[in-house]
Amino acid sequence: MNATTKTQFVGDASRLKSRVNILKRLRPEFYEKEVEKIFRRGWLPVASLTDVPETNSYAVVDVPTLKTSLILTRGEDDKIRAFHNICRHRGNRLVPPGKGCKRAFSCGFHGWAFANDGRLISVTDRTQFDDLDEGELGLLKVHAEAWEDFVFVNFDPAPRESLREWLGKMYDEYTGYFSDREKIASYRIQVESNWNVTINSFSEGYHSLYVHRKTVPDYQGGKDNPQRHRAYLELMKRNARYTAQGNPNRKETPVEAIAYGHGRKMYPAFPRYMPSDNTVPPGVNASRNENWSFDVLEMFPHVIVLIGAHWHANMWFWPVDAGRTDIRVDFLAYKAETVGDHFAHAYFRARLREVFREDIGTMEAIGAMLRSGAMSDIMLSRQELLIQQHYAAADEMIQQP
Ligand code: FES
Ligand SMILES: [Fe+2]
């Protein structure tokens, strides 16, 4: 380690800009372009695969950005499918919010029923319909595909890229890492701030020394890394990731010792806990930093994944309009088997929740001040390269015909 930890930068930063016009992004006309060119064309993670864990399970997911609700299903054939949650008779919302296990869905309005592969299987009082073809009245499909812990959808009738092309090199770099996890907490909040601003709050660690000075004063940093530089930062096709390095001088607190003494070490977990044989897939702690604390992965356009040992957190930043964002957060951890494991989960949940609350706190303050129109550009450092990449990727998609 150097006197000051230097970031290992990987990837092409030549198209990135350290000064970004944020003001134009708050305008409804600009937002409409983001919806049409980015959200209606890209592959969007919409749910965790743990929401549809087994054959015939389903989950209803609202997508406010595209003003729709989706039904995600796992069929008898184990295939993941997505449909607009709309009954083909007269447009009622077919399935109420929630999740569960069902082979078929029947509409509460007049009783039409659809199989979980989308087929229309029952029309009540059928003889009274003169001109009706069941074959063409299945649920309206959206392209869907599973990748690791995520269900991705694509609203484009003919997606311009496959999911593999969209994710690029990272497609094969996380194999199996998120499996065998259970959801241990879910939060949802709507904030008065532009979606870009909200996701930007989670894709840099520069703020951790200031925003989180009370809750987690010493998890990162340490005498060799006072500015908390990221150990590793990689730009990919549109996505990007970095490694947050733990503070090697930090001592475990008595409460952590109890919480993690009977379950597995989660966050924070020091000293080092990387398996020495490097059994984690190549995308996790990509530089094999010996003081690895966690990784941050931005899956463009609207998802951040925090990746740690025995846990990950999925965060969705769904734009509602140019000035409001629907934020959903799930914490997932290794499956608990003992009381000690549950205790470890509980401590982890309480700790991380406080940190998240602080992150959310800055968003509305920024949102309110940007709305004043007093300032047009934001300034971004090299430690904020994930944010630079976010805007470069967005602009490229917006400029497409
Ligand atoms: S709207 Fe669904 S059965 Fe009539
Ligand atoms: Fe933070």
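Would you mind ranking TYR171, TYR219, TYR242 by Cβ crowding within 10 Å, fewest neighbours first?
Values: TYR171 16, TYR219 22, TYR242 28.
With the fewest neighbours first, TYR171, TYR219, TYR242 line up as TYR171, TYR219, TYR242.
For region 15-80, what does the equivalent ellipsoid look like in terms of its semi-axes, each the square root of 5 times an eigenvalue of the Cα gyration tensor, given largest first in whole Å?
Here the semi-axes work out to 34, 14, 9 Å.
So, counting K/R as plus one and D/E as minus one, what does the shell of residues with Cβ under 12 Å around ARG328 add up to?
-2
For the chain, set up a GNM with springs between Cα atoms under 10 Å and report which of GLN245, GLN227, GLN389 has the largest fluctuation.
In this elastic network of the chain, the residue with the biggest mean-square fluctuation among GLN245, GLN227, GLN389 is GLN227.
With Rg and the Kirkwood Rh both taken from Cα atoms, where does Rg over Rh land for the chain?
0.99
Report the far tail of the P(r) of region 44-159, meaning the percent of Cα-Cα pairs longer than 19 Å.
Working: 2857 of 6670 pairs.
In whole percent, the long-distance tail amounts to 43.
Run the helix sum for the chain: -39,500 (n - 2.57) per DSSP H stretch of 4+ residues, divided by residue count, reported at 222 nm to the nearest 500 deg cm²/dmol.
It lands at -6000 deg cm²/dmol.
Report the extension gain between ARG349 and ASN21 in nm, rounded to one decimal, defined as 0.36 nm multiplied by the number of residues separating them, less their alpha carbon distance.
Details: separation 328, 0.36 × 328 = 118.08 nm, distance 3.62 nm.
Gain on stretching ARG349 to ASN21: 114.5 nm.
For each of TRP311, TRP43, count neighbouring Cβ atoms within 10 Å of the residue's Cβ, then give the residues from fewest to most.
On the way: TRP311 25, TRP43 28.
The fewest-first ordering by Cβ neighbours comes to TRP311, TRP43.
Would you mind telling me which residue in PHE114, PHE155, PHE30 has the biggest mean-square fluctuation in a Gaussian network model of the chain, where springs connect alpha carbons within a distance under 10 angstrom?
PHE30
Which order do SER293, SER287 fall in if you start with the one that has the fewest other Cβ atoms within 10 Å?
Neighbour counts put them in this order, fewest first: SER287, SER293.
Calculate the length of the line joining the C-alpha centroid of region 325-399 to that of region 64-135, in whole Å.
35
I need the GluC sites (Glu not before Pro) found in region 30-122, filtered to DSSP loop residues with at most 10 other beta carbons within 10 Å of theirs. Walk me through the numbers on the way to the answer.
Values: sites: GLU32, GLU34, GLU36, GLU54, GLU76; in loops: GLU54, GLU76.
Sites meeting the loop and neighbour criteria: GLU54.
Quick one: helix 385-399 against the long Cα principal axis of the chain, what's the angle to the nearest 10°, folded into 0 to 90?
30
Based on the alpha carbon coordinates of region 169-267, what radius of gyration and maximum Cα-Cα distance (Dmax) apply, in Å?
16.5, 43
Pairs of lysines 8 or more apart, or on different chains, with alpha carbons under 26 Å: count those in region 54-182, would you?
Count of close lysine pairs: 10.
Bear in mind that the values in this text are calculations on the coordinates, not laboratory data. Keep in mind that what you see is a predicted model, and the values were worked out from it rather than measured. Cβ atoms come from the backbone with ideal geometry, glycine included; neighbour counts cover every protein chain shown.
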